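Worksheet: the structure to be examined is printed underneath.
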Amino acid sequence: MDQNSLTSAKKYAKALFEVLQENNQLEDGYKELQQFRQVFADNPSLAAVLSSNQTTKELKQTLVDSLSKGGSDLMKNFIGLLQTYQRFDIASLIVDEFEKLYEKDKKIVHASVTSAVKLDDDQQSKIADAFAHRVGANKVILSTKVDPDLIGGIVLQSSDVIIDGSVKSRIDKIKELLLN
């Protein structure tokens with residue numbers, strides 16, 4: 001992805017976010033955009049076909065009509081805009097950037113937690129709730145992984161926060177103090 005594509009995607013996403021927010025359609029628009037992105041994920045060549053000069057106008061229109069079918073007026077307008085300006089190549093990127101704006105607005109934070117053993121649902125829920133309270137988020141979406149080298153405890157990391165409560169890090173700190 002080049003910088004121009006990212007800049008364009010951010011502009012489209014911001015405009016789309018503002019229009020949906022002004023029309024009190026943010027939640028519905030977010031859901032529609034998730035489905036829209038999934039269509040491109042399920043059909044990896046779709047953006048290339050819609051962007052290609054070798055694809056006939058008739059086929060492009062059929063595909064665009066199919067994409068628009070059942071969508072809200074705002075979604076249909078968005079798809080029409082992508083068609084008019086030939087920006088299907090950055091469609092998924094636009095949705096990614098939109099999602100960032102949506103999550104910031106809704107105070108949704110992504111975090112990863114690494115533990116020495118698999119965490120059950122209750123433990124994950126308690127960690128997510130405690131982290132949400134600590135960073136002022138409304139919701140924390142956790143991804144988990146297991147690293148037996150931690151010995152015990154957890155390491156929690158989000159975009160700007162790292163909390164290392166692992167036994168391994170405590171042992172390493174003690175070793176460092178002893179060696180100095």
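FYI, it's all coordinate maths here, none of it is from the lab. Note that the structure is predicted; figures quoted are calculated from it, not measured. Methodologically, a virtual Cβ is constructed for each residue, glycine included, from the backbone with ideal geometry; neighbour enumeration extends over all protein chains shown.
Worth pointing out:
- Relative contact order of the chain, defined on C-alpha pairs under 8 angstrom at six or more residues apart (%): 19
- Correct option for Cα Rg over 2.2 N^0.38 Å [calculated from the coordinates] among [x] 1.38; [y] 1.52; [z] 1.01: [x]
- For the chain, a crude dipole built from +1 on the beta carbon of Lys and Arg and -1 on the beta carbon of Asp and Glu, taken about the Cα centre, is about 220 debye to the nearest 20.
- Exposure rule at most 14 other beta-carbon atoms within 10 Å, DSSP loop trypsin sites (Lys or Arg not before Pro): the chain longest free segment: 1-68
- The chymotrypsin sites (Phe, Trp or Tyr not before Pro) of segment 5-105 that DSSP puts in a loop, and whose beta carbon has at most 14 other beta carbons within 10 Å, are TYR85.
- Cα-Cα over 22 Å, subset of LYS100/LYS168; LYS118/LYS168; LYS107/LYS145; LYS10/LYS107: LYS100/LYS168; LYS107/LYS145
- Each part gets one Cα centre, and for segment 118-166 versus segment 38-109 those centres are 34 Å apart.
- Using the alpha carbons alone, the radius of gyration of segment 107-179 stands to its Kirkwood radius in an Rg to Rh ratio of 1.03.
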